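The values are calculated or read from the model by the stated rules, or taken from the named source; none is laboratory data. Just so it is clear, the structure is predicted and the values come from calculations on it, not from any experiment. Every residue, glycine among them, receives a Cβ derived from its backbone with ideal geometry; neighbour counts consider all protein chains shown.
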Amino acid sequence: MRITLLLLSVFTALMPALVEAQPVVTAEDYTRAESFLSGQTDSLVSGVMTSPAWLTSDRLVYQNRIPEGREFVMADPEEGVRARAFDHANMAAALSAAVNTDYSAFNLPAQARFSDDGASITFGHQERQYTCIIETYACHEVARLDAQNLRNAVVAPDGQRAAFIREHNLWMRDLTSGRETQLTTDGIEHYGYATNNAGWVRRDQPVVLWSPDSEKIATFQHDGRFVGEMYLVSTQVGHSELEAWKYPLPGDEHIFMMRRVVIHVDEARVVDLLVPPDPHRSTISDHVASRNGQWLDVEWSDDSSLLAFVSSSRNHKEARLKLADPETGEVRNVLTETVETFFESGRGRINWHALPETNEAIWFSQRDNWGHLYLYDLETGDLKHQITTGDWTVLQLLRIDKANRTLYFMGAGREPGDPYFHYLYRIGMDGTNLELLTPEPAHHTITLSVTGAYFVDNYSTPTVPATTILRTAAGEHLLTVEEMDISRLEEAGWQPPFPFTVKARDNVTDLYGLMYQPTNLNTAGSYPVVNYLYPGPQTGSVGSRSFRPSRSDKQALAELGFIVVEVDAMGSPGRSKSFHDTYYGNMGDNGLPDQIAMIKELARRHAWMDLERVGIWGHSGGGYASTDAILRYPDFYKVAVSGAGNHDNRNYEDDWGEKWQGLLETNPDGTTNYDNQANQLLAENLTGKLLLGHGTMDSNVPPSNTLLLVDALIAANKDFDLVMFPNRRHGFGREPYWLRRRWDYFVRHLLGAEPPKGYKLGTVAGR
């Protein structure tokens with residue numbers, strides 16, 4: 001009895017300490033974490049340039065964030081002056097009167113565009129546009145197009161005509177008279193002209209390329225007649241609505257094909273290019289159009305007499321540069337490049353160019369394991385010489401100065417330090433006189449002037465705020481136009497992420513990442529680790545190395561008591577070809593061996609990182625990879641949160657899987673070369689906590705991707721959590737509810753604390 005009482009007394013004495021050791025996360029903690037989201041941090045930073053644009057007079061116009069709101073600025077490099085582009089109070093009064101809405105001086109609409117000569121500015125207001133003359137401050141509504149909004153039209157270079165789609169055919173509108181002309185007549189459903197449909201994305205804007213003389217349009221007839229369909233069902237009271245559209249998958253016999261044509265607009269004459277239809281492919285994207293709608297891998301000669309294009313094979317292993325005669329449709333092959341994995345012509349920008357005036361072509365290749373520029377004879381297809389060389393990569397060719405035979409391009413990996421910092425260079429087309437034009441050790445974002453005589457250089461790092469300067473084409477510093485001010489951000493308790501370098505899985509290759517620590521870090525404590533990732537292969541986890549006050553909710557999550565880490569693993573782009581090829585044909589790799597190696601190395605450096613409590617999250621490809629992580633490495637990852645994951649790429653659009661995994665092959669025993677990437681085949685491995693989320697109307701990654709996995713988890717008798725977002729598309733990852741559920745999940749299952757019940761986050765501006 002005395003022993004029992006003694007033990008009870010000891011236990012009672014220890015109770016306060018045990019209670020104190022239990023983590024407590026309150027609503028106040030969530031509120032503090034929320035203060036680190038971009039919706040609250042962005043407004044604390046001023047001197048932030050946005051929407052830079054050069055006028056034809058080589059003056060720069062842009063928007064700048066100031067403590068009062070937003071100002072419009074004009075900078076003149078010739079005069080070396082920077083000033084507000086107009087009197088903001090007068091402009092606000094004029095616009096307010098025109099739209100019958102109160103605008104103040106520094107809350108003018110962000111949707112704004114200066115005219116090419118800078119004499120006027122057009123503002124967007126409630127889906128209407130108003131042009132204001134800067135000299136007189138007179139504002140008037142821009143005439144609206146009745147049948148077709150200009151947002152879904154492509155305007156010719158001369159600004160007089162615009163092309164648009166109507167009932168599967170291409171039409172043209174005279175923007176002065178409003179007269180409309182039908183340019184094609186044989187377009188039908190699923191075989192229409194200029195159709196902007198890649199399966200995973202659909203837009204109404206036509207995919208066309210006007211000739212420089214505004215007399216011809218290069219486009220295609222988009223053949224999806226035999227392509228399989230995808231289906232989504234709405235959630236509502238009463239009968240659901242069925243959404244059906246063409247969506248090809250890896251291994252399908254029929255995918256989107258393109259019949260290339262040139263249309264002579266004044267005659268409404270269609271010239272077929274005399275080549276077989278091409279698969280719906282480009283050299284830099286899984287769509288033939290860029291995000292701004294520009295048709296990729298197609299360009300006109302300066303005199304509009306020739307059309308150059310690159311034809312890519314379905315598996316992306318072969319790219320052929322071709323020249324077409326727009327009058328006859330005759331096509332000849334200039335050169336062909338074949339690779340073992342996948343061919344790309346640059347990073348986010350097409351780097352090849354035909355130069356018929358000198359009978360040359362600039363070509364981009366990674367044949368020596370690095371991305372470089374090559375000069376070819378346009379007539380014979382023979383290589384003349386390699387222009388750039390070395391263990392570094394050309395990213396984007398920005399300008400060709402034909403008169404001086406000089407190239408301006410962005411590159412990475414040549415300068416010491418972070419190989420993901422981008423720099424501007426110039427070089428002679430003969431491969432001589434390579435010059436670094438942006439010497440500051442930082443990430444540079446460049447916008448060239450219309451004439452190429454100047455450029456604006458915005459440079460920063462994840463830890464150093466941006467400086468924006470004007471330079472001559474030779475790199476000479478002319479004028480500092482903005483210096484980012486983060487003093488109010490720092491006063492609010494903000495801290496930057498911590499850059500780090502670790503070794504990859506091979507213990508040789510350096511990897512570069514960012515760590516987010518609680519601002520009240522206790523180095524004597526122990527913190528669970530949360531791994532954010534986006535595996536690519538078309539991009540990496542960290543994203544831009546430019547300064548940002550918030551990077552999604554990574555610092556916010558750290559404030560709740562976590563160490564958050566991200567790294568660009570092997571298999572992501574921007575470095576060598578072999579680095580990017582690391583897991584070609586084995587997408588189930590997802591760079592996870594490097595993620596694990598990174599966390600283990602950091603834990604050896606920092607005793608406060610707890611390797612027994614590691615979680616992971618991501619969205620889309622990151623949703624796929626985070627689930628893959630907890631299934632493939634259950635002893636390492638204990639908690640995973642997965643949003644909108646493409647869990648089996650046989651259920652995702654054809655171009656994606658066939659580029660990174662290869663064409664689907666089925667073995668005699670029924671297994672395939674895609675089995676190594678299918679999460680549902682690993683369902684038996686689940687031992688940790690898994691939260692899945694998906695939008696029921698996700699037309700990018702259809703919800704069947706997650707439901708396949710759910711079915712397998714049920715069959716394996718595994719416990720998991722699932723949130724379906726009715727009527728949501730792919731972007732629900734920024735919704736406050738999902739973000740709060742993710743925070744709750746990590747707090748409960750990694751931190752071992754109970755989150756505040758039903759905490760309601762405000763509007764999330766996640767980036």
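Some notes on this structure:
- Number of positions in the stretch 676-698 that are among the small types (Gly, Ala, Ser), over 14 Å from Ala640 (Cβ atoms) and part of a loop (DSSP other than H, G, I, E, B): 1
- Qualifying residue in the stretch 251-269 (condition: on the phi > 0 side of the Ramachandran plot and surrounded by 16 or more Cβ atoms within 10 Å (Cβ to Cβ)): yes
- Checked against (1) of a type in the set (Asp, Glu); (2) surrounded by 23 or more Cβ atoms within 10 Å (Cβ to Cβ); (3) over 22 Å from Asn649 (Cβ atoms), Asp589 passes all but a single condition, namely (3).
Okay, residues lined up against (1) farther than 30 Å from Glu754 by Cα; (2) outside the structural domain of Phe547 (by TED's automatic domain parsing); (3) modelled with pLDDT under 95:
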| site | (1), (2), (3) |
| --- | --- |
| Leu6 | yes, yes, yes |
| Leu14 | no, yes, yes |
| Val19 | no, yes, yes |
| Ala33 | no, yes, no |
| Phe36 | no, yes, no |
| Val45 | yes, yes, no |
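Results for (1) modelled with pLDDT of 95 or more; (2) in contact with a strand residue (DSSP E or B) (Cβ under 9 Å, 6 or more places away or on another chain), shown as yes or no for each residue.
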| site | (1), (2) |
| --- | --- |
| Pro702 | yes, yes |
| Thr706 | yes, yes |
| Leu709 | yes, yes |
| Ala712 | yes, no |
| Ala716 | yes, no |
| Met724 | yes, yes |
| Arg728 | yes, yes |
| Gly733 | no, yes |
| Tyr737 | yes, yes |
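- Filter pass, Trp363 being touching a residue at least 40 places away in the same chain (Cβ under 8 Å), of a type in the set (A, V, I, L, M, F, W, C) and out of contact with any Gly (no Cβ under 8 Å at 6 or more places or on another chain): yes
- Condition check for Asp744: within 28 Å of Asn586 (Cα to Cα), modelled with pLDDT of 95 or more and either part of a strand (DSSP E or B) or assigned by TED's automatic domain parsing to the domain that holds Pro528 (or both): no
- Hey, Lys659 among the basic types (Lys, Arg) and crowded, with 22+ Cβ neighbours inside 10 Å or not: yes
- Only residues that are among the aromatic types (Phe, Trp, Tyr), under 30 Å from Asn649 (Cα atoms) and surrounded by 22 or more Cβ atoms within 10 Å (Cβ to Cβ) were counted across the stretch 510-566, and they come to 2.
- Considering residues of the stretch 747-767 that are aliphatic (A, V, I, L, M) and in a loop (DSSP other than H, G, I, E, B) only, the residue farthest from Thr687 (Cα to Cα): Ala765
- The numbered conditions (1) farther than 30 Å from Ser345 by Cβ; (2) in a helix (DSSP H, G or I) are all true for Gly670 except (2).
- Scanning the stretch 697-727 for residues that are buried (at least 17 other Cβ atoms within 10 Å of the Cβ) and either more than 22 Å from Ala629 (Cβ to Cβ) or in contact with a Leu (Cβ under 8 Å, 6 or more places away or on another chain) (or both) returns Met697, Asp698, Ser699, Pro702, Pro703, Thr706, Leu709, Val710, Ala712, Leu713, Phe720, Phe725.
- Matching residues, the stretch 236-250, being touching a strand residue (DSSP E or B) at 6+ places or on another chain (Cβ under 9 Å) and exposed (fewer than 15 other Cβ atoms within 10 Å of the Cβ): Ser240, Glu241, Leu242, Glu243, Ala244
- Members of the stretch 534-565 that are touching a helix residue (DSSP H, G or I) at 6+ places or on another chain (Cβ under 8 Å), within 24 Å of Glu440 (Cβ to Cβ) and either in the same structural domain as Val394 (by TED's automatic domain parsing) or not basic (Lys, Arg) (or both): Pro549, Ser550
- Count of residues meeting criterion [in a helix (DSSP H, G or I) and hydroxyl-bearing (Ser, Thr, Tyr)] in the stretch 605-655: 3
- Scan the stretch 340-372 for residues that are outside any strand (DSSP E or B) and closer than 22 Å to Gly390 by Cα and the total you get is 19.
- Any hit, the stretch 70-79, residues being over 29 Å from the mean Cα position of the chain (by Cα), in contact (Cβ under 8 Å) with a residue 60 or more places away in the chain, surrounded by 15 or more Cβ atoms within 10 Å (Cβ to Cβ) and not in a strand (DSSP E or B): yes
- Of all positions in the stretch 208-229, none carries a residue that is at pLDDT below 95, surrounded by fewer than 21 Cβ atoms within 10 Å (Cβ to Cβ) and either part of a helix (DSSP H, G or I) or not small (Gly, Ala, Ser) (or both).
- Which numbered condition Arg399 fails, given (1) at pLDDT below 95; (2) over 25 Å from Ser578 (Cα atoms): (1)
- Residue count for the stretch 716-739 under the criterion of being without any contact (Cβ under 8 Å) to a residue 60 or more places away in the chain and in a helix (DSSP H, G or I): the result is 4.
- Any pair with Cβ under 6 angstrom, 6 or more apart, that starts in the stretch 158-174 at a residue that is over 16 Å from Arg203 (Cα atoms) and ends at one that is small (Gly, Ala, Ser) and assigned to a strand (DSSP E or B): Met172/Ala163; Arg173/Ala162
- A single member of Tyr637, Tyr624 is among the aromatic types (Phe, Trp, Tyr) and more than 21 Å from the chain's Cα centre (by Cα), and it is Tyr637.
- Check on Ile133, surrounded by fewer than 16 Cβ atoms within 10 Å (Cβ to Cβ), outside the structural domain of Asp213 (by TED's automatic domain parsing), modelled with pLDDT of 95 or more and in contact with a strand residue (DSSP E or B) (Cβ under 8 Å, 6 or more places away or on another chain): yes
- Subset of the stretch 110-130 that is at positive phi and within 28 Å of the chain's Cα centre (by Cα) - its residue that is modelled with the highest pLDDT: Gln126
- Some residue of the stretch 524-536 being under 28 Å from Ala678 (Cβ atoms) and at pLDDT below 95: yes
- With respect to the conditions (1) acidic (Asp, Glu); (2) in contact with a Ser or Thr (Cβ under 8 Å, 6 or more places away or on another chain); (3) over 29 Å from Asn520 (Cα atoms), Glu476 lacks only one, and its number is (2).
- Boolean, Arg367 is surrounded by fewer than 17 Cβ atoms within 10 Å (Cβ to Cβ), at pLDDT 95 or above and of a type in the set (Lys, Arg): yes
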